[in-house]
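The values are calculated or read from the model by the stated rules, or taken from the named source; none is laboratory data. This structure is a prediction, so every number in the text was calculated from the model and none was measured. We place every Cβ from the backbone using ideal geometry, glycine too, and count neighbours over all the protein chains shown. For accessibility, only protein heavy atoms count, side chains too; no ligands or nucleic acids. Shrake-Rupley method; radii C 1.70, N 1.55, O 1.52, S 1.80 Å.
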Amino acid sequence: MATGGAKEQQRQLGRLSALSVYRQAAGGAKLERRRRGRPLPARGKRVKARPKRGGPGSTGPQPEAPPHIAAAPSRVEPRSGVAGGEEAPPPNTVPPSRVERSEPQPRSGAAEGEEAPPPISAGIPETKQQGSPAASPGEGGGGVTGLLKRLGRLEDSRQRGAELFRWLVSPVSPEKFLGRHWERAPLLVRRGDPAYYAGLFSTADLDAALRSGRVDFGTHLDVTSYSEGVRETHNPSGRALPAVVWDFYQNGCSLRLLSPQTFSLPVWHLLSVLQEHFGSMVGANTYLTPPGTQGFAPHYDDIEAFVLQLEGKKRWRVYSPRTDTEVLPQFSSANLTQAELGEPMLETVLEPGDLLYFPRGFIHQGDCLPDAHSLHITVSSYQRNSWGDLLEKLLPAALQMALEEDVEYRQGLPMDYLRYMGVANSDSVDIRRTAFMEKVQGLIKKLVHYAPIDAAVDQRAKSFLHDCLPPVLTPSEKAQSVYGFPARWQKGGPCDVDIMITKDTQVRLLRHGVVRLCNEEAGVMLYYTTENSRVYHQEEPKCIEIDPELTDSIEFLLSSYPKHVSVDSLPCENLEDKISLATLLFEKGILTTQKPLVQV
């Protein structure tokens, strides 16, 4: 009979053997060579930049709750831990970094016993944390969950978004942030409040997601390392099982959870409120990094990044864009080498409650100190949301309209234009070239008169609504919407099924940003977000075809929000149309009533 120690040894050997089989099947001998306590070797296949999504990320089907259900912690911000003068510089310039602090003393990336060096930055003002309703999640208790609950008492969803953004950048005012930092310069906020983000996301939440059995490698979770200048991804195939994932972590690998809003109600709630404020998709990733390691190579991203430090500590180095072409780039960079970076404009250590913002184009890298792990969430927005992106939709439409309506655009080119135009003739002096250039310039200037600007904006709004997370309903919103309607099976048959909306029923939109009217070739379409998925683009765009005569009623509901209006006040031709429209919108979760339609 084996002794107790021998039994334990056999048990450990059996476990290691099972993992070895898994690793061999998933990644070959490279993973098999791994042993506990030894980081993965910096060799093997480099990882290409992950495709971004207007959102990045996760696509496979997931069990999905309707927007009103507060599921237990169960799309994607782009890869990465992304990331003064008195007058705000123009957007295409890079001013010195500003750092806002709630405590004057510097924090350290030094080892224990060493003197703490101050953060590297230029022109740093000191700012004390000021108390404000949105600034302190501890006010009234409940952390982030309590904050979101208090914001839910505000009637106007636009005000909810504005107040949540104020909380995000506090103690810096939104006005100061937009004037000095947005798309211009990094912002460091040291709050000295470890509970500032309490309840948003934790390592326990990550562990719960793994144990739910719904996390897959690659789709939802990346295992990464960066050592000796080499960035690698070590994703096996299939389900991300806790024993395997935590073994990777114990061996020095970072864990990036893509789209934590798929699994976490507080993250879903936070992003769904912020997206209406930004008017652009808001995504997130979480990053768990072991002590003394780094998971990602230096790079810049194509999003505005807000790094929220949740647990532990992480040292960050941020570098200015190296060239004008890297200022507010359309796309993220490849992995960069340390030799390509120069000196950081900002070097600091984030601790729980701190915030680091940097615009797209600012190179960044983060690594853990030897004495602590790090968990942070990166909230991101404004991917492909520039003037140029609007013009990409607008100019082709303007040209098409000009071709249809103006014969000048349909007239033929000169027969001999190939003889004097083109690069080979660019240095020649020819009056025909001058006339040709003037003609093209004139047609381009004239094109603005055919530009369907509002229609192009509506098309971008349509794409934004498809990107959006579904709204998280408050208890009262649920009770007053179709999601709380008490239709059910009882005593052998359906009960409380009829939706009895009358001319006196008081209604309003669920959120101001929940719908968008678009005039398309197929007709007038009303796009909406209430049936979207928490998984990015898992559902097709949701829309209803609206009779053109009913568009005034949709616009009336938008202009009346957040006030309730009677169904009878809708500007339809007759009462039947009013009730029919209100019932349709209620059934889609777009309208709520002032009081529950059925008292249970």
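Assorted remarks:
- Looking only at the stretch 308-330, residues that are among the polar types (S, T, N, Q) and farther than 18 Å from L356 by Cβ come to 3 in all.
- Residues of the stretch 339-373 that turn out to be in contact with a strand residue (DSSP E or B) (Cβ under 9 Å, 6 or more places away or on another chain), within 18 Å of T323 (Cα to Cα) and open to solvent by 10 Å² or more (accessible area, probe 1.4 Å), as a count: 7
- Scanning the stretch 552-600 for residues that are under 23 Å from S476 (Cβ atoms), hydrophobic (A, V, I, L, M, F, W, C) and not in a loop (DSSP other than H, G, I, E, B) yields L557, L558, V565, V567, A582, L584, L585, F586, L591.
- Unmet criterion (only one of (1) among the basic types (K, R); (2) under 29 Å from the mean Cα position of the chain (by Cα); (3) exposed (fewer than 13 other Cβ atoms within 10 Å of the Cβ)) for R488: (2)
Yes/no per residue for (1) outside the structural domain of F201 (by the TED database); (2) touching a strand residue (DSSP E or B) at 6+ places or on another chain (Cβ under 8 Å); (3) not hydroxyl-bearing (S, T, Y):
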position: L375; (1), (2), (3): no, yes, yes
position: V379; (1), (2), (3): no, yes, yes
position: L413; (1), (2), (3): yes, no, yes
position: R433; (1), (2), (3): yes, no, yes
position: Q441; (1), (2), (3): yes, no, yes
position: I444; (1), (2), (3): yes, no, yes
position: P470; (1), (2), (3): yes, no, yes
position: T474; (1), (2), (3): yes, no, no
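- Candidates T348, T337, T289, T323 - the one that is at pLDDT 95 or above, in contact with a Cys (Cβ under 6 Å, 6 or more places away or on another chain), assigned by the TED database to the domain that holds L257 and not aromatic (F, W, Y): T289
- Residues satisfying the criterion are absent from the stretch 173-190 (criterion: part of a helix (DSSP H, G or I), open to solvent by less than 10 Å² (accessible area, probe 1.4 Å), over 30 Å from P321 (Cβ atoms) and touching a Leu at 6+ places or on another chain (Cβ under 7 Å)).
- Test: residue in the stretch 456-467 that is open to solvent by less than 20 Å² (accessible area, probe 1.4 Å) and touching a helix residue (DSSP H, G or I) at 6+ places or on another chain (Cβ under 7 Å): yes
- Leading residue by the ranking (surrounded by the fewest Cβ atoms within 10 Å (Cβ to Cβ)) among those in the stretch 142-172 that are in a loop (DSSP other than H, G, I, E, B) and at negative phi: R153
Conditions (1) surrounded by fewer than 21 Cβ atoms within 10 Å (Cβ to Cβ); (2) of a type in the set (K, R); (3) closer than 19 Å to V223 by Cβ, marked per residue:
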{"position": "L288", "(1), (2), (3)": "no, no, yes"}
{"position": "Q294", "(1), (2), (3)": "no, no, yes"}
{"position": "Y300", "(1), (2), (3)": "no, no, no"}
{"position": "F306", "(1), (2), (3)": "no, no, no"}
{"position": "L310", "(1), (2), (3)": "no, no, no"}
{"position": "R315", "(1), (2), (3)": "yes, yes, no"}
{"position": "T325", "(1), (2), (3)": "yes, no, no"}
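- Cβ-Cβ under 6 Å pairs, at least 6 apart or on other chains, the stretch 572-600 side open to solvent by 60 Å² or more (accessible area, probe 1.4 Å), far side basic (K, R) and not in a helix (DSSP H, G or I): L575/K503
- In the stretch 249-296, residue farthest from L148 (Cα to Cα) [restricted to those that are assigned to a helix (DSSP H, G or I) and of a type in the set (F, W, Y)]: Y249
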